Amino acid sequence: MTIDEISSASKEMRVLYVEDDRRTRESMMETLEEFFERITEATDGKSGIRLFEIQPFDLIITDIRMPEMDGLQMIKKIRELDHDIPILIVSAYNEPKFFKESIKLDVEGYLSKPVDRMQFAEVMQKIIKKSRLKEEIEKNLNLLQQYQEVVDVGSIVSKTDPNGIITYVNETFCKISEYSKEELIGRSHNIIRHPDNPSDIYRQMWKTIKEKKMIWQGVLKNRTKKGKFYYVQTTIKPILNKDGKILEYIALRNNITDIMNPRRQLDDLIESCQETIIVLIKIEGFEDMEKFYGHSLIQILEEQFAQKLVEHIPKECGFERVYTLGNGEYAFAKDKKICRHKADFIVDKLKKFQTRINDLTIRLGEIDYYANILVSFAYGKNAFENAKAGLKELKNRKLEFILANNLVKRDYEETQKNLRLLKTIKRAIETKKIICHFQPIINNETMQIEKYESLVRLVDEDNKILSPYFFIETAKRSKFYSKITSMVLENAFRALERTGKKISINLSALDIEKSSSRKEIYRLLERHSTKASRVVFELLEDENVKDFEKIKSFICRVKKLGVKIAIDDFGTGYSNFERLLDYQPDILKIDGSLIKNIEKSDLSLSVVKTVVGFAKEMNIETVAEFVENEKIFSIIKELGVKYSQGYYFGKPEPL
């Protein structure tokens, strides 16, 4: 059926739509109004029940998590009133417990938010077909006095005797189950039963068809002879003689695997295997593409790209289907125990597959798009988690292919290391073991110390002194960073009382952008107002600055109090001469990597000359960091650098 045909067939359906989030509801209504003309909205499960009790509906579409009464509780109540009404779950939650519970409640489908229009149309097509098929079955059973061989192309049909022993299966049953008729007839349906189905569902089924002698309907998860799983919407009818005695049962099933959430299907495959082989594929730069091309074109791209993956799937590795996971991600998967290939063979085939895909052209309207994919391959236990970690690794390291085994273990060990470090940082803060060491800065003409740079240190439980290299980045990702900044500021300003020299204090954009840090600085400057002229703030350049105006305002305010501004690590990385016009610094600290190499690198020498010349022209003082020997000192002094800082003159130490 085309979308127009599906829309036409569903227009007259009376729909109850239950969703608590207003924006989600408004967005979803755009899709629903394309298919239905009569839609009643409810904002939670309780109001959904009330509406269902007072007016008839043909279809219910509901979210899961809602106030008052959630979607699953509402469905249970509705099933007590009407077991046959089609129900479709649309949710952002894909946990197994929700999915299994929805199977128990006999829902027609389980779609993830945001709902894809094509996927929704496919679900509606199944619902419409099922509804029509059910009507046809009931009609035929009445006409043929409850007994006639069910023939329907595309449906899975079986008959059993009153004890549940199979007496007939059609070809479709054999095809999907991978068993022959001879293997099935004479056996019970346990042969295809998947252990994931809750036992309650079978007790309910037998109670309905055997005790109540009524039709039972529900979704069952079955498994094939080779161990694959599939979902079927099942209808079972007890066939009665004129005295009401059960002669046999007829079961009609429809394969609904394709309308189930692909990620849910992948999760089910992984859960059913002790070890898996997983290949995750990501369209490189997909997030940026979505902004550039727009949602409509991206949907077309994902659909066409999925088709290309199907066409080029490396079948020699045993992969048979593509799981579309959304957000430009796709997956191949299989049970490792049935794989006869070694990892090297699969890696070779995947790399060739990747090359073929990267050479393809996809037409987007009038645009030719050349896809580039990232491929993460993992096998064994935790294969999916490793493959996901592999995609992140590819992005971080700017690679295109990775064998991602053991990445989760590595990340776990790294996490444990970070947790231990966070404990060390927390303990150091609580025991005031965040201290400052001070490194002298020398006037190259007078050879006298004119100022000290305040450098943060952490004293650990073993009284070992750690430089910020070992802890500051971890601290920045936690609530402890602002506390460290506060302690450093206190220590640095306290040093003004112990020396008549200037004190240079490092500040990052993160410090300045944080309101609490700015207030702390203003408070300290006010308390030490007579010494503010001996304070130098060294600004660490950062390409992630969010608010330049806030930083400019901060600089302007502290300079009025007599504070000097230095730009740290100038000359490499994010150095930007235009930014100097905004910051109006008093001092440039030339990046240490340039100074260390100035003896041997003509490029470093040339860059330093340029920086010094520019600084002199702008009347800005210069400081050379990492002055480690006499030869370096002689060179930078000859170039006209005003100050030196480095081990040649002194290491960072307590004042």
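For segment 1-144, relative contact order (Cα pairs under 8 Å, six or more residues apart, normalised by length) works out to 22 percent.
Among 528, 189, a tally of other beta-carbon atoms within 10 Å of each Cβ gives an order, fewest to most, of 528, 189. Highest mean packing first, where packing is the average number of other Cβ atoms within 10 Å per residue, the peptides 410-416, 232-238 line up as 232-238, 410-416.
Of the residues 160, 43, 431, 622, the one with the fewest other Cβ atoms within 10 Å heads the list, and the complete ranking is 431, 43, 160, 622. Calculate the FRET efficiency for residue 619 and residue 410 from the Cβ-Cβ distance with a Förster distance of 41 Å, rounded to the nearest 0.05. About 0.20, to the nearest 0.05. Restricting segment 27-91 to trypsin sites (Lys or Arg not before Pro) that sit in a DSSP loop and have at most 13 other Cβ atoms within 10 Å of their own Cβ leaves 65. The string of couplings for segment 325-330 from the Karplus curve (6.51, -1.76, 1.60, θ = phi - 60°) is 9, x, 6, x, 10, 9 Hz, one whole number per residue in order, with x for Gly and Pro. Computed from phi, the 3J(HN,Hα) profile of segment 306-317 under the Karplus parametrisation 6.51, -1.76, 1.60 (θ = phi - 60°) reads 4, 5, 5, 5, 4, 5, 10, 3, x, 5, 5, 8 Hz, with x in place of Gly and Pro.
What the phi angles of segment 466-478 give under the Karplus curve with 6.51, -1.76 and 1.60, with θ = phi - 60°, is a coupling list of 9, 7, x, 3, 8, 9, 5, 5, 5, 5, 5, 8, 9 Hz, glycine and proline written as x. Only sites in a loop by DSSP and with at most 11 other Cβ atoms within 10 Å count here; which GluC sites (Glu not before Pro) in segment 495-528 make the cut? Here the GluC sites (Glu not before Pro) that fit, given the DSSP loop and packing criteria, are 497.
Amide H contacts of residue 622: 588, 642, 643, each under 5 Å away and 5 or more positions distant or on a separate chain (H built 1.01 Å from N in the peptide plane; Pro and chain starts excluded). Of the GluC sites (Glu not before Pro) in segment 263-330, the ones in a loop by DSSP (not H, G, I, E or B) with at most 14 other beta carbons within 10 Å are 275, 320.
Throughout, read-outs are computed from the coordinates displayed, never taken from laboratory work. Not measured: the values here are computed from a predicted model. Cβ sites come from the backbone with ideal geometry, for glycine too, and all protein chains shown count toward neighbours.
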